[in-house]
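Shown next, in structure tokens, is the structure this report addresses.
The values are calculated or read from the model by the stated rules, or taken from the named source; none is laboratory data. Note that the coordinates shown come from a computational prediction; the quantities given were computed from them, not determined experimentally. All Cβ positions, even for glycine, are placed from backbone atoms using ideal geometry, and neighbour counts span all protein chains on display. We work out accessible area using only protein heavy atoms, side chains counted, and drop any ligands, DNA or RNA first. Shrake-Rupley method; radii C 1.70, N 1.55, O 1.52, S 1.80 Å.
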Amino acid sequence: MDIDSIIKEVIAEICGKQNFGTAAQQDLEYSPASLAKYIDHTILKADASLADVTRICDEAKKFNFASVCVNSGYIKFVAEYLQGSGVAPCCVVGFPLGAMIPEAKADEASRAVAAGAKEVDMVVNIGAIKSDDWKLVLKDIEGVVSAVKGRAIVKVIIEACLLTDEEKVKACTVSKLGGAHFVKTSTGFSTGGATIDDVKLMCTTVGPDIGVKASGGVRVYEDAVGMIKAGASRLGTSNGTQIVTGSQNTGAASSVCANCGACNAVCPTGRTTILKDKY
């Protein structure tokens with residue numbers, strides 16, 4: 001069966017399903033501290049300093065987060081700093097646009113793993129998705145998976161805010177075909193972040209064989225629990241400390257823009273005034 005036939009078959013199957021989500025997760029209760037194992041503690045800002053990255057690593061070690069996620073330029077430092085902590089060093093590749101040639105993305109992934117990355121979050125070629133060029137999308141994903149095979153987990157960022165529901169299903173299907181271990185909602189640097197509906201759709205598409213990472217706009221405890229109950233098995237956030245301590249973005253803190261990238265004219269959470277000059 002060719003790739004187009006597989007995609008059509010999966011779309012037909014998804015359209016026939018009436019209920020999204022995972023009942024077992026929806027019935028569970030979560031303490032703030034119990035969420036630590038889901039969190040990829042993230043710092044991807046262009047102006048992130050070594051001191052900023054060190055602070056994120058220290059927080060991750062303190063709360064036993066799943067990983068620390070950084071740009072590839074910092075991955076060697078992060079891998080060495082986290083050694084023996086149980087927190088995985090993770091980096092993004094092809095970030096944030098995913099628009100480079102597949103060979104360049106695969107090379108960045110290979111070099112990142114050689115520097116110590118145990119998890120790689122790659123941005124898919126979104127233009128190829130929009131062009132309906134699924135062979136190129138598959139080549140892009142397979143290139144990274146092959147470059148790191150046996151050495152690191154691969155998560156494919158599909159930038160869901162830019163896709164139709166049909167394109168999301170197709171992108172998740174091809175990611176699974178390409179050997180990815182996770183599909184991920186967002187970079188946090190585009191027009192929107194993770195949504196409950198997208199997480200449910202992505203989980204339904206990939207099934208239990210691979211994970212779903214919700215990223216972008218996951219800022220407080222309630223956001224995190226909502227994503228997990230929708231089926232997410234990882235959360236990408238720069239607010240991990242606030243989430244696991246149960247801190248609320250209220251009062252003075254509500255005026256701080258988290259640079260989640262999910263805004264347009266107003267913050268979708270209603271908790272802050274956006275600061276567009278920050279990103």
Handout entry: Lone qualifier among G207, G150 - being modelled with pLDDT under 95 and either among the hydroxyl-bearing types (S, T, Y) or farther than 19 Å from D223 by Cα (or both)
Key = G150
Practice task
Tell me which of these E222 doesn't satisfy, since it passes every other one: (1) closer than 24 Å to I56 by Cα; (2) surrounded by 24 or more Cβ atoms within 10 Å (Cβ to Cβ).
Solution key: (2)
Handout entry: Residue satisfying all of: in the stretch 186-202; among the β-branched types (V, I, T) and assigned to a loop (DSSP other than H, G, I, E, B); nearest to D40 (Cα to Cα) among these
Key = T187
Problem - In the stretch 150-185, the residues that are in contact with a helix residue (DSSP H, G or I) (Cβ under 6 Å, 6 or more places away or on another chain), polar (S, T, N, Q) and part of a loop (DSSP other than H, G, I, E, B) - result: T185
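Restricted to the stretch 1-45, and to residues that are at pLDDT 80 or above and assigned to a loop (DSSP other than H, G, I, E, B), which residue is nearest to I153 (Cα to Cα)?
L44
Select, from A224, A232, the only residue that is of a type in the set (A, V, I, L, M), assigned to a loop (DSSP other than H, G, I, E, B), touching a residue at least 60 places away in the same chain (Cβ under 8 Å) and closer than 20 Å to E29 by Cβ.
Of the residues listed, the single one that is of a type in the set (A, V, I, L, M), assigned to a loop (DSSP other than H, G, I, E, B), touching a residue at least 60 places away in the same chain (Cβ under 8 Å) and closer than 20 Å to E29 by Cβ is A232.
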Handout entry: Residue within the stretch 123-139 that is closer than 16 Å to V93 by Cβ, assigned to a loop (DSSP other than H, G, I, E, B), open to solvent by 10 Å² or more (accessible area, probe 1.4 Å) and of a type in the set (S, T, N, Q) present
Key = yes
Handout entry: Residues (under 24 Å from A147 (Cα atoms), part of a loop (DSSP other than H, G, I, E, B) and open to solvent by less than 40 Å² (accessible area, probe 1.4 Å)) located in the stretch 55-105
Key = A66, V87, G94, G98
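Identify all residues within the stretch 140-149 that are within 21 Å of V212 (Cβ to Cβ) and either outside any helix (DSSP H, G or I) or open to solvent by less than 50 Å² (accessible area, probe 1.4 Å) (or both); write none if there are none.
Scanning the stretch 140-149 gives D140, I141, V144, V145, V148.
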